[in-house]
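Inspection log for the structure reproduced underneath, given as structure tokens.
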Amino acid sequence: MPDERAHPYDALLLLSFGGPEGPDDVVPFLENVTRGRGIPRERLEEVGQHYFLFDGISPINAQNRALLAALRADFQDNGLDLPVYWGNRNWAPYLTDTLREMVADGRRRVLVLATSAYASYSGCRQYRENLADALSTLTGEGVAGEDLPRVDKLRHYFNHPGFVEPMTEGVLAALEKLPAEVRRDAHLAFTTHSIPTAAADTSGPVEAHGDGGAYVAQHLDVARLIADRVARETGVERPWRLVYQSRSGAPHIPWLEPDICDHLEERHGSGAPAVVMIPIGFVSDHMEVLYDLDTEALAKAAELGLPAVRSATVGADPRFVAGIRELVLERAATERGAAPDRCALGDLGPSHDLCPVGCCPARAPRPAAAGADSTFA
């Protein structure tokens, strides 16, 4: 019998991006990521050099294992009898294999935690398409009717205290790493993954579409929250800006700007004494953080002679893990017809439980699960 507090759900699925775990995995992993785009193998080998700097190992899988263990321990410590599984989009354990395992274990109502806190096609809709693809594969294998799991996705958690509070503490700790003579007037650079402006403009529900869409609005809301809290803690209001990193698209396609390295040059040119880089767009210290910030951006700062540090992501921080448990219980109560408190900080309020039609659309329509337009009940 499922835990009554989690009812009607009988499992939580940690759904993530995946990454290579050795040199031989790098190009096959990148082929999975770019499947259907016609990118030559030699270009993938060039991109893969980032991974080879770290022995061909992406840190994301180890970080997901740590989060998985922390969730299981937190659930046990709080008497929540809900098994937690893990599946990836692009590398083992693959999502379809994990759902197949869940079917064999008798799981029929699955709540999904995606390792992306914000609304966007790649951070939400694409995961919902992955779920639909996996469920379609299971259907083709003969899993149907009551044996086919129903999947629901946890709401966006960018403004949940469990996400915001560890981020804020990370900024305060990073400031302490700066030399005392530049600490007081250090600038804050909130970073997130750049995406095409067209994708940003159509992120979130239809009513949120427009310049930057929900993607930019949500990041700005979190950045303001953290900047204000840091000001209260330190007694200093620091200049801050939302900037972007990890662009990977064709040069002729507009993506969100400015890039973090360009921003560091601009800050140095304007006389900023130091910069704290705050990766609010990322849940853990995976490759985009370790390479694009800790390697490229810090090298640019050193070249400029600009003191710079990077604050921590939430990773498996106990407050983040507890926040996920709260979101699980909140969604379960809602499914049972209750009206639980929906905790959210900032001006935007709690996000929707069910992605509406037209939310973060793909360039070409594809089936998706866990939304109002779900092809699976």
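The values are calculated or read from the model by the stated rules, or taken from the named source; none is laboratory data. As the structure is a computational prediction, the values presented were derived from the model and not from experiment. Here Cβ is always computed from backbone atoms with ideal geometry, including for glycine, and neighbour counts include all displayed protein chains.
Numbers for the structure displayed
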quantity	calculated
Set Glu165, Glu101, Glu146, Glu141: member being assigned by TED's automatic domain parsing to the domain that holds Arg229 and on the phi < 0 side of the Ramachandran plot	Glu165
Where Val182 falls short, out of the listed (1) assigned by TED's automatic domain parsing to the domain that holds Gly271; (2) buried (at least 22 other Cβ atoms within 10 Å of the Cβ); (3) assigned to a helix (DSSP H, G or I); (4) not acidic (Asp, Glu)	(2)
Answer from Arg325, Arg331 - the residue that is buried (at least 17 other Cβ atoms within 10 Å of the Cβ), part of a helix (DSSP H, G or I), modelled with pLDDT of 95 or more and within 18 Å of the chain's Cα centre (by Cα)	Arg325
Residue in the stretch 337-351 that is of a type in the set (Ser, Thr, Tyr) and either part of a helix (DSSP H, G or I) or assigned by TED's automatic domain parsing to the domain that holds Thr115 (or both) present	no
Among the candidates Val276, Val283, residue that is in a strand (DSSP E or B) and within 27 Å of Ala217 (Cβ to Cβ)	Val276
Set Glu165, Glu207: member being without any contact (Cβ under 8 Å) to a residue 12 or more places away in the chain and either part of a helix (DSSP H, G or I) or within 18 Å of the chain's Cα centre (by Cα) (or both)	Glu207
Test: His7 is in contact (Cβ under 8 Å) with a residue 12 or more places away in the chain and either under 19 Å from Asp285 (Cβ atoms) or hydroxyl-bearing (Ser, Thr, Tyr) (or both)	no
Verdict on Glu176 being surrounded by fewer than 17 Cβ atoms within 10 Å (Cβ to Cβ) and modelled with pLDDT of 95 or more	yes
Odd one out for Tyr291, checked against (1) free of Cβ contacts under 8 Å to residues at least 60 places away in the same chain; (2) touching a helix residue (DSSP H, G or I) at 6+ places or on another chain (Cβ under 9 Å)	(1)
Pair list, Cβ under 6 Å, 6 or more apart: the stretch 212-232 residue of a type outside the set (A, V, I, L, M), other residue part of a helix (DSSP H, G or I)	Gly212/Ala200; Gly213/Ala200; Gly213/Asp201; Tyr215/Ala200; Arg229/Thr168
Answer from Glu146, Glu129, Glu101 - the residue that is of a type in the set (Asp, Glu), in contact with a Lys or Arg (Cβ under 6 Å, 6 or more places away or on another chain) and in contact (Cβ under 8 Å) with a residue 12 or more places away in the chain	Glu129
Single residue of Asp185, Asp201 found to be over 17 Å from the mean Cα position of the chain (by Cα) and without any contact (Cβ under 8 Å) to a residue 40 or more places away in the chain	Asp201
Subset of the stretch 286-305 (residues that are modelled with pLDDT of 95 or more and either among the small types (Gly, Ala, Ser) or buried (at least 20 other Cβ atoms within 10 Å of the Cβ) (or both))	Val289, Asp292, Leu293, Ala297, Ala299, Ala301, Ala302, Gly305
Neighbours by Cβ (under 6 Å, 6+ apart or cross-chain): first from the stretch 300-325, within 29 Å of Leu264 (Cα to Cα); second of a type in the set (Ser, Thr, Tyr)	Thr313/Ser284; Gly315/Ser284
Lone unmet requirement of (1) out of contact with any helix residue (DSSP H, G or I) (no Cβ under 8 Å at 6 or more places or on another chain); (2) buried (at least 20 other Cβ atoms within 10 Å of the Cβ); (3) more than 30 Å from Gly212 (Cα to Cα) for Leu135	(1)
Residue in the stretch 250-264 that is assigned to a strand (DSSP E or B) and buried (at least 19 other Cβ atoms within 10 Å of the Cβ) present	yes
